Amino acid sequence: MLHIEIDGKQLAVEEGAMVIEAAEAAGIYIPRFCYHKKLSVAANCRMCLVDVERVAKPVPACATPVTEGMKVSTRSEKTRTAQKGVMEFLLINHPLDCPICDQGGECDLQDLAVGYGRDVSRFAEAKRIVKDQDIGPLIATEMTRCIHCTRCVRFGQEIGGIMELGATGRGEHMRIGTYVEASVDSELSGNMIDLCPVGALTSKPFRYSARPWELVARRSVSPHDCVGTNLLVETRRNKVMRVLPQENETVNETWISDRDRFSYTALDGGARLSVPLLRVDGQWREVDWDVALEAAATGLREIVATDGAAALAALVSPQATVEEGYLLARLARGLGSDNIDHRLRESDFRDDSGAPPYPALGVEIAELERVDAVVLVGSNIRKDQPLLAHRLRKAFLEGARIAAINPVDFAFTFDLAAKTIVAPSGLPEALGRLVVASAICTGSALPADVAAWTEGLEVSGVERKTAEWLCVAERPLILLGTLAACHPEAAVLRSLAAALGEITGAPVGFLPPGNSAGLWLAGAIPQRAALGIRRPVPGRAASAMWDGRQKGFLLVDAEPVTDGADGGRARTALQAARFVVALSAFRSEALDYAHVLLPMAPFTETDGSFVNAEGRWQSFEAAVAPRGEARPGWKILRVLAEKCGVSGLAFDSVAAVRAAIGDLREVVGRHEPMVLEGRCPRTQGLERIAEVGLYDSDSVVRHSEVLRKTADRGSPILGVNENEAMRLGIAAGTSVRVVMGEAQAVLEVVIDNRIPDGAAYIPAALESTAALPWSGPITVSRI
């Protein structure tokens, strides 16, 4: 520790710390514009100049490391004169836009100008004017206000991993912008809005809608991925106006993804369901809650009485709260059915009996940036889990080696030390080869079933090299992503990953959607009740519910046609069902098959809890009241249970539901891998790669018109490489007919050489592709 003095206060500071960091730790504020604790030091605004004893001129506090015995003054005449001089230069070209600038009221320049600016400018020449660029639907630009702090530039380079903005020109002609006319497409781009100390970069959806002092902030948690990002939902007059990050160093640091930031724009859209609807003689009729709930309860009871409890199924979205999942599970089981699930996109549940308590990350989120070897299996982590990808990028910048086994050569924000790109049916064998290579590297004996399964697999140089650095790593990690979880051989992938983990000492982690971890623990799965208590006879998993045996369905924020692994079969089963009750925040696909539609409050309008992939329980409260006649899901399920005659669910608050669930921290267990049997043959011909796009992940995101305008919006395309295009006789930009079983779709051809031979990329969770199964052979014909 070094001993220094700042403004007469004696401090003990770690060696290597900058003066501005030491001052901040001591509660001494030094003005700044370019400095940010999460970015590299630029020292180009000079606003943080301070007076250091025995140094002739003021020095920038952000770029000056502390030394033993240093004496610093942040309030001396020399310091104040220097800071006022810097402020005068910054204001020379800054426009007087405060009355119309969205940054007004939370602008660093505005605040510091009061303390360090002059009453009257001495600058009499014309001010600089900069032409604005259109950089997309999310960020508005007013670059005449820019003070060249370069925070946005450094963010792209260091955090986002994509240098989308940069500085061109010098002196008076310096400009911040894209090098060519282009949009800013990073999945983390909205953080530039928070970083900008002036009004040069502002939120386009929020523009001219409110002043900061009019807003009331409520803490919340994001439902869109497994991170559990901490949010500040800012409201005015019972309307969500914007969403900002709530700093939590162990979860999301100071960042949020654009999906978390802008999805709120869907909440006041025209697609919201705000009144209960009842289908009468084939027509939808608005009814009051008593009529709707009585009709729902009567229909569910009749299904159980007529066809038995096994004919009833309950499905819940992974974005539902722990409390909603728990109450739905209790309601379904109270009616006698264990057919409950939230894993709509998965299809292989052979290892359910040996599954861990929940799909865990394997390490704490903050530890991701400290791993030194990672194997990604079936994961586009950059789009599925943007903030976890950022943590992996930090690990990469510290020297971590990352390998990927994927069906597409995805563009990550870090370099891969090794990669294997194969068609989906080749993923198990690719992972199996790495298991064999690792066993050879360590001299380990494989379990009998794994040895038999991998017999005959030939190890390549890629697997050998990967095994070499994976086996000697001090902090290795294996991550199975969404594409692995949704694979038709997902149980095999999990068993092979477990074998690889045993050999290398690497934890095996999963990247589940939304609140999947919480719903596992709440009992919203067919084989376990809350707290991991096993059911005597497991119910049916989601993918098994479409064979016609289910006559009644209770859907909570679930859209099985859009989000299911086989939307065509799901639609047929739901339309053939005698009774379907759907709780939804939107006028969704349920209009086509439901008999009762109940308006459910989204996450901003309800109290609840989420559990992230590291097992962190986070509770939140409603930011606004439910829109129209919508009600929180837990309240709807409580009353519905009462009308169905299910006792024990008369809770009067979310806190009471939490207390009934119990302490999730007491749930223990480990993954017991499935015993591997013979290898499945690889798919012959062309097979589908199905991926859910960044902005198609759930119903709220899909209804955001702003996010639908971005480059990451889902499009009905057939992506193939040049070799497959030549073999099929198709060309980019043409339309083709794709057939999978009884389902078909017309798609536009896109040539993408990141896709391997024998595979075609078709986005999932789109209306135009929903009927197609997520896996299997496809037939392509020209139109």
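Summary of values
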| quantity | calculated |
| --- | --- |
| Residue-count net charge about residue 564 - beta-carbon cut-off 12 Å; Lys, Arg +1, Asp, Glu -1 | -2 |
| Where labels lie 7 Å past Cα in the beta-carbon direction, separation of residue 465 and residue 247 in nm | 4.2 |
| Farthest toward positive dipole pole in the chain [+1 Lys/Arg, -1 Asp/Glu at C-beta], among 86, 779, 368 | 86 |
| Inter-label distance, nm, simple model (7 Å from Cα along the C-beta direction), residue 726/residue 76 | 7.3 |
| Reciprocal mean inverse distance between Cα atoms of the stretch 687-782 - Kirkwood radius, Å | 13.6 |
| Spacing of the two label points (7 Å from each Cα toward its C-beta) at residue 643 and residue 97, in nm | 5.3 |
| Estimated D of the stretch 430-520 in µm² per second, where Rh is the Kirkwood radius over Cα pairs and Stokes-Einstein applies at 25 °C, 0.890 mPa s | 178 |
| The stretch 182-259 - convex hull of alpha carbons, volume per residue in Å³ | 110 |
| The chain: relative contact order as a whole-number percent, Cα under 8 Å and 6+ apart | 13 |
| Given charges at beta-carbon only (K, R positive; D, E negative), |dipole| of the stretch 687-782 in Debye | 200 |
| Taking the convex hull of Cα positions in the stretch 365-510, its mean projected area over all directions (nm²) | 7.6 |
| Residue among 703, 657, 681 farthest towards the positive dipole end of the stretch 615-721, charges placed on Cβ | 703 |
| Lys, Arg +1 and Asp, Glu -1 on Cβ, resulting dipole of the stretch 2-92 about Cα centre, debye, nearest 20 | 340 |
| Extension gain (nm, one decimal) between residue 781 and residue 677, 0.36 nm per residue minus Cα-Cα | 33.8 nm |
| Relative packing of peptides 347-357, 723-733, 400-410 - highest average C-beta neighbours within 10 Å first | 400-410, 347-357, 723-733 |
| Protection proxy ranking, peptides 714-721, 536-543, average beta carbon neighbours within 10 Å, highest first | 714-721, 536-543 |
| Dipole in debye (nearest 20) - the chain, about Cα centre, beta carbon charges: Lys, Arg +1; Asp, Glu -1 | 980 |
| Cross-link pairs beyond the 29 Å C-alpha cut-off, checked among 239/551; 383/419; 57/394 | 239/551; 57/394 |
| Rounded FRET efficiency, nearest 0.05, which uses the C-beta distance separating residue 111 from residue 15 and R0 of 30 Å | 0.40 |
| Per DSSP, loop GluC sites (Glu not before Pro) in the stretch 297-394 with at most 15 further Cβ within 10 Å | 364 |
| For the stretch 530-654, alpha-carbon Rg relative to the globular expectation (2.2 N^0.38 Å, N residues) | 1.17 |
| Most positive-pole-ward Cα, 484, 49, 508, against dipole of the chain from beta carbon charges | 49 |
| Solvent-free Debye scattering, log10 I(q)/I(0), computed from the Cα coordinates of the stretch 1-135 at q = 0.10, 0.19 Å⁻¹ | -0.39, -1.11 |
| Cα principal axis extents for the chain, largest first, Å | 88, 67, 57 |
| Modelled FRET efficiency - R0 25 Å, residue 57 with residue 7, Cβ distances, 0.05 increments | 0.85 |
| Relative packing of peptides 283-295, 614-626 - highest average C-beta neighbours within 10 Å first | 614-626, 283-295 |
| Reach of residue 78 by Cα under 16 Å, taken over aspartates and glutamates that are not fewer than 8 positions away in the same chain | 7, 51, 53, 88 |
| The chain, helix-only ellipticity at 222 nm - DSSP H runs n ≥ 4, -39,500 (n - 2.57), divided by all residues, nearest 500 | -7000 deg cm²/dmol |
| For the chain, share of DSSP beta bridges that run antiparallel, in % to the nearest 5 | 55 |
| Using θ = phi - 60° and Karplus 6.51 cos²θ - 1.76 cosθ + 1.60, couplings along the stretch 240-256 (whole Hz; Gly, Pro as x) | 6, 9, 6, 10, 10, x, 9, 5, 8, 4, 7, 10, 10, 6, 10, 10, 9 |
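The numbers here are math on the coordinates, done by the rules we state, and not lab data. Because the structure is a prediction, the values reported are computed rather than measured. Ideal geometry is used to build each Cβ from the backbone, glycine not excepted, and the neighbour counts take in all protein chains shown.
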